[in-house]
Amino acid sequence: MTDQAYNFAYLDEQTKRMIRRAILKGVAVPGYQVPFASREMPMPYGWGTGGVQVTAACLVPEDRLKVIDQGADDTTNAVSIRKFFQRTAGVAVTEATTAASIIQTRHRIPETPLHEGQILVYQVPIPEPLRFLEPRETETRKMHELEEYGLMHVKLYEDIARHGTIATSYAYPVKVEGRYVMDPSPIPKFDNPKLSDSPALQLFGAGREQRIYALPPYTQVVSLDFDDHPFDPSKAAHDCDLCGAAASYLDEVIIDDQGGRMFVCSDTDFCRGRREAGHVGALGVPLAEGGM
Amino acid sequence: MGAAELSILAKQKQTEQPLLAVRGLTKRYGRRIGCAEVSFDLFAGEVLGIVGESGSGKSTLLSCLAGHLAPDAGTVVFDTADGPRDTVRMAEAERRRLARTDWAFVHQNPRDGLRMGVSAGGNVGERLMAVGARHYGQIRAQAVDWLGRVEIAADRMDDRPSAFSGGMQQRLQIARNLVTGPRLVFMDEPTGGLDVSVQARLLDLMRGLVREMGLSAIIVTHDLAVVRLLADRLMVMQGGQVVEQGLTDQVLDDPQHAYTQLLVSSVLQV
């Protein structure tokens, strides 16, 4: 009964139209933050209200949706948003990166390479990369307009002066097509290289800040750095303990109070895929035996 | 006329091009006058002092010259690398580029001119990075050099300006402004709010830098001692109008206008 009370994908058609216009403008001007009239969503700010609105505006009944939170398909944020769209749009859902047509993500880009036709929707808390350096929104807009991005390097300079290396490890600023400096949302800087030249369409939605921006497929995205301190997409120096992957981004998990810990892939779908294919990490057992 | 004479003439002609030529600059705030019909030339290497009481339009004039305020009438022609240009009519992008390369602005309150959340080194390096420096080691080396020139020890480089005294903050602001080698510096009460011994050291430092770098400067102040020390020429303002201008010593020692006479005689002789 209640299921019938919702419009397809929750938002009314006029709102979707407004959001689609903002998305189109964002795609036309890669990296530019397009203002949009963000709606109240049935979830608190910070839980992905921007991402949900972008996803809702893009969804069609034939879509297959995947939602990830910190790389995982089964954490609170991912489960609740997936259920939300199952209920309000009735679309098919999946946990497999390759099978999804729309992927809404928080803080990660899937390890499995994306392909053409896919849409990756990011949840963005603060879209303005210059915010913590220049609090005036009027001034940051002017700086974007006039391409005055020296201040962004001041942040990196401060990192090196204080820590000896660029210590920014997530939300690492990037320059899009040699023009706009963009906040890639709080993805680890390990994921930054995947932003560039991706065959998938990447959309960024910030609900509270009422901004949408986008990277069309095959857009050049460069992480900012210094000549003598080049960008380094670092990760934990370890292999995944479950699937043995050497080149995937890892979570460190404390497993007892004796200081025991294990490193596991943050991308659960990628990890399961590898284990199903027979890869076994240092602490893992083959999946067929049904153990961790 | 010989070729040598011709080249001397040509050279004179070159130096005769003023760095900054201001004509009929007017700014109104509604029916009140900010500054009215101000005209002057400033030549390379020259320091111009602007004095007057509070509310006489000094700061309005300076803001109009530096492009912070849009004047209602008049032209401000600056001798850019590509020839003289009217900075009032030029595109904002161009004016802002000028403001971080050829110009510098020293605020009365260093908090207005510094980034308080960024280390001293970062503050000095910002202008370098704004004009495209992308080598950390070189930026840092230049910052150390400039902090040394304004007598800030290298070991304070990674401290934030909030940990500095008022005088140090002001010196840091000067270093931050001069690091890209500007040709024209705007100063708004640079010694305001500092005690006299710190003022004296700061003035000494500024005089050295201005002479050494061949800077042109426009200094707004109500402190006649500051202009006596630093300025070659002086402009006296009252009620938005320029009432008297001339060589500093001439204006201060033989004031013609009644207001200038009042101003000069108001200073307590010790």
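Just for segment A:215-226: of the residues that are of a type outside the set (Val, Ile, Thr) and under 15 Å from A:Lys175 (Cβ atoms), which one is nearest to the other protein chains (Cβ to nearest Cβ)?
Filtering segment A:215-226 for residues that are of a type outside the set (Val, Ile, Thr) and under 15 Å from A:Lys175 (Cβ atoms), the one nearest to the other protein chains (Cβ to nearest Cβ) comes out as A:Phe226.
Restricting attention to segment A:214-228, does a residue exist that is out of contact with any Cys (no Cβ under 7 Å at 6 or more places or on another chain), farther than 30 Å from B:Met129 by Cβ and part of a loop (DSSP other than H, G, I, E, B)? Within segment A:214-228 (the criterion being out of contact with any Cys (no Cβ under 7 Å at 6 or more places or on another chain), farther than 30 Å from B:Met129 by Cβ and part of a loop (DSSP other than H, G, I, E, B)), the answer is yes, since at least one residue qualifies.
Checked against the criterion of being acidic (Asp, Glu) and within 14 Å of another protein chain (Cβ to nearest Cβ), segment B:77-87 has no qualifying residue. Take A:Lys235 and decide whether it is surrounded by fewer than 22 Cβ atoms within 10 Å (Cβ to Cβ) and either part of a helix (DSSP H, G or I) or at pLDDT 95 or above (or both). Judged against the criteria, A:Lys235 is not a match.
One line per residue, one yes/no per condition, for (1) modelled with pLDDT of 85 or more; (2) in contact with a strand residue (DSSP E or B) (Cβ under 7 Å, 6 or more places away or on another chain); (3) among the hydrophobic types (A, V, I, L, M, F, W, C):
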residue	(1), (2), (3)
B:Asp159	yes, no, no
B:Ala163	yes, no, yes
B:Arg176	yes, no, no
B:Met187	yes, yes, yes
B:Asp195	no, no, no
B:Glu212	yes, no, no
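Here is a yes/no grid of residues against (1) open to solvent by 40 Å² or more (accessible area, probe 1.4 Å); (2) within 22 Å of the chain's Cα centre (by Cα); (3) over 15 Å from A:Tyr157 (Cβ atoms):
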| site | (1), (2), (3) |
| --- | --- |
| B:Arg115 | yes, yes, no |
| B:Glu126 | no, yes, no |
| B:Gly137 | no, no, no |
| B:Arg140 | yes, no, no |
| B:Val150 | no, yes, yes |
| B:Arg156 | yes, no, yes |
| B:Gly167 | no, yes, yes |
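Could you please find all residues in segment A:92-102 being touching a helix residue (DSSP H, G or I) at 6+ places or on another chain (Cβ under 7 Å) and open to solvent by 10 Å² or more (accessible area, probe 1.4 Å)? Hits for segment A:92-102 are A:Val93, A:Glu95, A:Ala96. Of the residues making up segment A:239-254, one or more are away from chain B (no Cβ under 14 Å), β-branched (Val, Ile, Thr) and either open to solvent by less than 50 Å² (accessible area, probe 1.4 Å) or in contact with a strand residue (DSSP E or B) (Cβ under 8 Å, 6 or more places away or on another chain) (or both). Hey, any hits in segment B:42-51 for a residue that's open to solvent by 40 Å² or more (accessible area, probe 1.4 Å), in a loop (DSSP other than H, G, I, E, B) and more than 14 Å from every other protein chain (Cβ to nearest Cβ)? Yes, that holds for at least one residue.
When A:Asp251 is tested against (1) closer than 28 Å to A:Lys142 by Cβ; (2) in a strand (DSSP E or B); (3) in contact (Cβ under 8 Å) with a residue 60 or more places away in the chain; (4) not basic (Lys, Arg), exactly one condition is not met: (1). Test B:Ser54 against the stated conditions and say whether it is hydroxyl-bearing (Ser, Thr, Tyr), assigned to a helix (DSSP H, G or I) and more than 12 Å from chain A (Cβ to nearest Cβ). So B:Ser54 fails the test.
Set side by side, the residues A:Leu156, A:Leu151 differ, and just one is touching a residue at least 60 places away in the same chain (Cβ under 8 Å), under 26 Å from A:Tyr122 (Cα atoms) and facing chain B (nearest Cβ under 10 Å), which is A:Leu156. Among the residues of segment A:159-182, write down those that are at the interface with chain B (Cβ under 8 Å from one of its Cβ atoms) and in contact with a Leu (Cβ under 9 Å, 6 or more places away or on another chain). Selection gives nothing. Selection of segment B:57-97 for residues being touching a strand residue (DSSP E or B) at 6+ places or on another chain (Cβ under 9 Å), assigned to a strand (DSSP E or B) and open to solvent by 10 Å² or more (accessible area, probe 1.4 Å) yields B:Ala73, B:Gly74, B:Thr75, B:Val77, B:Asp79, B:Pro84, B:Arg85, B:Asp86.
Reported count of residues in segment B:27-39, each being outside any loop (DSSP other than H, G, I, E, B), open to solvent by 10 Å² or more (accessible area, probe 1.4 Å) and not aliphatic (A, V, I, L, M), is 6.
Could you please let me know if B:Ala21 is open to solvent by less than 50 Å² (accessible area, probe 1.4 Å) and out of contact with any Lys or Arg (no Cβ under 9 Å at 6 or more places or on another chain)? Yes.
So which residues in segment B:97-116 are among the aliphatic types (A, V, I, L, M) and either under 11 Å from B:Phe186 (Cα atoms) or in contact with a helix residue (DSSP H, G or I) (Cβ under 8 Å, 6 or more places away or on another chain) (or both), if there are any at all?
B:Ala99, B:Ala104, B:Val106, B:Leu114, B:Met116 - these are the residues of segment B:97-116 that are among the aliphatic types (A, V, I, L, M) and either under 11 Å from B:Phe186 (Cα atoms) or in contact with a helix residue (DSSP H, G or I) (Cβ under 8 Å, 6 or more places away or on another chain) (or both).
Residues of segment B:107-131 that are among the basic types (Lys, Arg), in a helix (DSSP H, G or I) and within 13 Å of chain A (Cβ to nearest Cβ): B:Arg127 alone. Checked across segment A:197-205, the condition of being open to solvent by less than 10 Å² (accessible area, probe 1.4 Å) and out of contact with any strand residue (DSSP E or B) (no Cβ under 8 Å at 6 or more places or on another chain) holds for no residue. Of all positions in segment A:6-15, none carries a residue that is among the aromatic types (Phe, Trp, Tyr) and within 24 Å of A:Cys265 (Cα to Cα).
The values are calculated or read from the model by the stated rules, or taken from the named source; none is laboratory data. The shown structure was predicted, so the numbers you read here are calculated from the model rather than taken from an experiment. Quick reminder, even Gly has a Cβ in these numbers, built from the backbone with ideal geometry, and neighbours come from all protein chains shown. For accessibility, only protein heavy atoms count, side chains too; no ligands or nucleic acids. Shrake-Rupley method; radii C 1.70, N 1.55, O 1.52, S 1.80 Å.
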